[in-house]
Amino acid sequence: MRRQFKDTVMGLSAGDDKLVMVLGDVSVYLFKEFQDKYPDRFYNMGICENTLISVSAGLASQGFYPFVHTINPFLTERSYEQIKLDMCYNRFGGNIVTCGASFDYAWDGATHQSYTDLAILRMLPDVEVIQPGSRKELDVLLRSQYDNGKVTYYRLSDKPHTIDLPVKFGRAEILKDCSGKVTVMTAGPILGNVFEACKDLQVNLVYFHTIKPIDKEIIEKFRNTDIVIIHDAFGLFEAVCETAGLSATYYGLPKDRFCDTYGTFEAIREDIGLDVISIKEMLRKKLL
Amino acid sequence: MMQPVFKDIRKDILRISKISGHGHIPTCFSVIEAIYAFYEAMKHDPANPSWDERDIFILSKGHAALAQYVVMSKFGYFDIKDVETFGSFKSVFGCHADRLKVRGVEASTGSLGHGIGLAVGMALAFKIQKSERRVVVIIGDGESNEGTVWEAIMVAVNLKLNNLKVVYDNNMSHRRGLQICNPGDRFRSFGAEVVEVNGHDVEALKSEYLARHDTLKVIIADTKKGFGCKTMIDNHYEWHRRSPCEQEYEILLRELDETTV
């Protein structure tokens, strides 16, 4: 997905000299083509995430469209106050693009995992929160939102799903409506596993790539079903539950503990029950 | 001797603080000349605050907002009478400035260690635009306990931002907590050009703002908290965020009138 990020940025920058890259010593080689072509608008600013955000806000204040990019937890959790004040409160919009979530860096342990980003960023006023699940979703949503003056958050993962869907900012997609009494709602790359698990089950399936603003219209359509939110992060469940009076439960991250194992990203998914078999089993029980 | 205009500004700050019950008076008094020097020396237009050739001023130590409001009113940005609503429920003049409410304020600050990073971004923007515009940001010595100040300094030096001037208000706030001894040496060791001036000498400050430099310049402004009022200089911890009662107000006004600094 990071390669798509670079390809889309290259495409956009050909016609827009207000686009500036601000990197935190991550994806530097990937953006070499941009650096060679636009040296005045490429800054590997170093490992100083708080300042990356503040500087990007300063650039935005003078009309630029910054893309500030590094590893997820360092940019979102460490720099939360900079995002809140320098970007949001000051209304100096920009594009915050992270990589690594939730478990792309599984082998690096809890310091490099990130699953609170969507939940904490959606609480900030007027922020757009996007979790593209595929390369296409990233491409479409980057193009449609990058220059609107708002703070837009893109959470990238290098483990995208490969399901081809129509993409429009703020709109969820119904992948399956079988009038089931259970509706599964999910977001981002985990759709790959969720889709597979739901295949032979009598459940409806709704997919979100935009966490904020959440598509309330589609949620309303399934109000009278048991909603199960399957997600490898916090944020989607809270966003769905903004619609009052739903019967909704969360399935995903373990309660109140770090995912402090190592290994592969698939191993962590299996450990916390987000592999296809575990999801299917959980839904089967739900349908009994 | 303190010029009448700076006595007037201090009197306005005291009066508004007395009326409102708000204000960090000692820290306001330490940066008055540094703020005034910007509006006197640099490019800006009170009639058109968004003039696209203006220089930028940012008060990173945002709790001195009252000083900025009063100085800006002297330059015609708004009526001082309006500033008397300072800190009240529907006032546009908060104890920390909101750029979307106060005309001419470039950045909303308050939490320390933020304004300097914004200033770096703005200075970089002007470099990309090949513009001659400049940025002046005032940071506090206490504020410089924040690691983000030093991150921003490193980035600014790395980018050779010679259109950025950081005024370090050396009013000895740091003494009570995490001390920063020899700040000039520290900034120099980070690669900045450093000058040390009397932070209450408006002419010296103006000349430093206008001077050309090759990379980031840090102006160590030696100042006194509560400058102009002996009571406050002697008891600035007690006065950190206190407002004067009527009797104290009269004493402080008298001290200002009689000051020999």
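The values are calculated or read from the model by the stated rules, or taken from the named source; none is laboratory data. All figures in this text were calculated on a predicted structure; none of them were measured in a lab. Counting neighbours? That spans all protein chains shown, and the Cβs are built from the backbone with ideal geometry, glycine included. Each accessible area value is taken on the protein alone, full model and side chains, heavy atoms only, with ligands, DNA and RNA left out. Shrake-Rupley method; radii C 1.70, N 1.55, O 1.52, S 1.80 Å.
Residues that are outside the structural domain of A:Tyr115 (by TED's automatic domain parsing) and aromatic (Phe, Trp, Tyr), at least 1 per element: which helices (runs of 4 or more DSSP H) completely within the range A:187-288 meet that?
Numbers: elements: A:191-198, A:216-221, A:236-240, A:265-271, A:276-287.
Qualifying helices (runs of 4 or more DSSP H): A:191-198, A:236-240, A:265-271.
Just for the range A:104-134: of the residues that are in a loop (DSSP other than H, G, I, E, B) and in contact with a Lys or Arg (Cβ under 7 Å, 6 or more places away or on another chain), which one is nearest to A:Leu156 (Cα to Cα)? Steps first, answer last, please.
Taking the range A:104-134 as the starting set, the residues that turn out to be in a loop (DSSP other than H, G, I, E, B) are A:104-105, A:109-113, A:115-116, A:122-126, A:131-134.
Still in the list and also in contact with a Lys or Arg (Cβ under 7 Å, 6 or more places away or on another chain): A:104, A:122, A:124, A:126, A:131.
Working: A:Asp104: 10, A:Arg122: 16, A:Leu124: 20, A:Asp126: 20, A:Gln131: 7 Å.
It comes out as A:Gln131.
Mind checking which residues of the range B:29-50 are farther than 18 Å from B:Ala107 by Cβ and open to solvent by less than 10 Å² (accessible area, probe 1.4 Å)?
B:Phe29, B:Ser30, B:Ile32, B:Glu33, B:Ala37 - these are the residues of the range B:29-50 that are farther than 18 Å from B:Ala107 by Cβ and open to solvent by less than 10 Å² (accessible area, probe 1.4 Å).
Scan the range A:118-126 and give yes if some residue there is open to solvent by 10 Å² or more (accessible area, probe 1.4 Å), of a type in the set (Val, Ile, Thr) and at pLDDT 95 or above, otherwise no.
yes
Restricting the first residue to the range A:59-80 and requiring it to be within 11 Å of another protein chain (Cβ to nearest Cβ), which pairs with a second residue that is open to solvent by 30 Å² or more (accessible area, probe 1.4 Å) and not in a strand (DSSP E or B) meet a Cβ separation below 6 Å and a spacing of at least six or different chains?
The qualifying pairs are A:Phe64/A:Lys18.
Exactly one condition in (1) within 11 Å of another protein chain (Cβ to nearest Cβ); (2) more than 23 Å from A:Ala101 (Cβ to Cβ); (3) open to solvent by less than 20 Å² (accessible area, probe 1.4 Å); (4) not basic (Lys, Arg) is false for A:Ser13; which is it?
(1)
Mind checking which residues of the range B:145-176 are among the hydroxyl-bearing types (Ser, Thr, Tyr) and either outside any helix (DSSP H, G or I) or within 14 Å of another protein chain (Cβ to nearest Cβ) (or both)? Break it down into steps so the answer makes sense when it comes.
If we filter the range B:145-176 for residues that are among the hydroxyl-bearing types (Ser, Thr, Tyr), which is where we start, we get B:148, B:168, B:173.
Those that are among the hydroxyl-bearing types (Ser, Thr, Tyr) and either outside any helix (DSSP H, G or I) or within 14 Å of another protein chain (Cβ to nearest Cβ) (or both): B:Thr148, B:Tyr168.
Output the number of the condition that A:Ser54 fails; it satisfies all remaining conditions of (1) farther than 29 Å from A:Pro189 by Cα; (2) crowded, with 24+ Cβ neighbours inside 10 Å; (3) out of contact with any Ser or Thr (no Cβ under 9 Å at 6 or more places or on another chain).
Here A:Ser54 clears every test but (3).
Within the range B:231-250, which residues are under 22 Å from B:Ala65 (Cβ atoms) and in contact with a Phe, Trp or Tyr (Cβ under 8 Å, 6 or more places away or on another chain)?
If the condition is that a residue be under 22 Å from B:Ala65 (Cβ atoms) and in contact with a Phe, Trp or Tyr (Cβ under 8 Å, 6 or more places away or on another chain), then B:Met232, B:Ile233 are the ones that fit.
Would you check which residues across the range A:149-162 are part of a loop (DSSP other than H, G, I, E, B) and in contact with a strand residue (DSSP E or B) (Cβ under 8 Å, 6 or more places away or on another chain) and list them?
First, pick out the residues of the range A:149-162 that are part of a loop (DSSP other than H, G, I, E, B): A:149-150, A:156-162.
Across the range A:149-162, the qualifying residues are A:Lys150, A:Leu156, A:Ser157, A:Asp158.
Got at least one residue in the range A:210-219 being closer than 21 Å to A:Ile120 by Cβ, within 21 Å of the chain's Cα centre (by Cα), open to solvent by 30 Å² or more (accessible area, probe 1.4 Å) and of a type in the set (Asp, Glu)?
no
Quick one: how many residues across the range B:111-138 are open to solvent by 20 Å² or more (accessible area, probe 1.4 Å), within 12 Å of another protein chain (Cβ to nearest Cβ) and within 18 Å of the chain's Cα centre (by Cα)?
At the first step, the residues of the range B:111-138 found to be open to solvent by 20 Å² or more (accessible area, probe 1.4 Å) are B:111-112, B:127-134.
In the following step, the residues that additionally are within 12 Å of another protein chain (Cβ to nearest Cβ) were identified as B:111-112, B:127-131, B:133.
Add one more test, that the residue is within 18 Å of the chain's Cα centre (by Cα), and what stays is B:111-112.
Counting residues in the range B:111-138 that are open to solvent by 20 Å² or more (accessible area, probe 1.4 Å), within 12 Å of another protein chain (Cβ to nearest Cβ) and within 18 Å of the chain's Cα centre (by Cα) gives 2.
Out of the range B:207-242, which residues are closer than 20 Å to B:Glu193 by Cβ, of a type outside the set (Lys, Arg), open to solvent by 30 Å² or more (accessible area, probe 1.4 Å) and assigned to a loop (DSSP other than H, G, I, E, B)?
Once the filter is applied, which keeps residues that are closer than 20 Å to B:Glu193 by Cβ, of a type outside the set (Lys, Arg), open to solvent by 30 Å² or more (accessible area, probe 1.4 Å) and assigned to a loop (DSSP other than H, G, I, E, B), the range B:207-242 yields B:Ala211, B:Asp214.
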